[in-house]
Amino acid sequence: MKGGYGTKGKETLRAVMREELRSRGARREIGIVETRCMGVCPKKAVTALNASRPGEIFVIPKDCSVTDALSRMVEGMSGGRSSD
């Protein structure tokens, strides 16, 4: 999806996630890789994966805050909420 994220809703999810990770000082700890279509086509959303949790597919809705998106994806990892 070309846009729908960020303060004005015009940036890609990849761009706002990279910006947020850089501001947290975690840019080198977590990599963002754009891929081809995964065959899951949610309406007005982007699918995302966390390589540490390959059994889960995350659907990040348009207009979702980058903080919420990262929290969902890194839950239980360093910097995220604990899953205990």
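So I have (1) 16.5, 62; (2) 18.2, 58; (3) 12.5, 36, and one of them is Rg and Dmax of the Cα atoms in Å calculated from this model. Which one is it?
Answer by label: (3).
Counting other C-beta atoms within 10 Å, and keeping those with at most 13, which DSSP coil GluC sites (Glu not before Pro) do you find in region 6-37?
GLU29, GLU34
Taking trypsin sites (Lys or Arg not before Pro) that fall in a DSSP loop and have at most 10 other Cβ atoms within 10 Å as cut points, what is the longest piece of the chain between them?
Longest site-free region, per DSSP loop and neighbour criteria: 45-84.
Values in this text are rule-based calculations from the coordinates and carry no lab data. Predicted model, so just to flag it, every value in this text is computed and none were measured. No Cβ is skipped: glycine too gets one built from the backbone with ideal geometry, and neighbour counts run over all protein chains shown.
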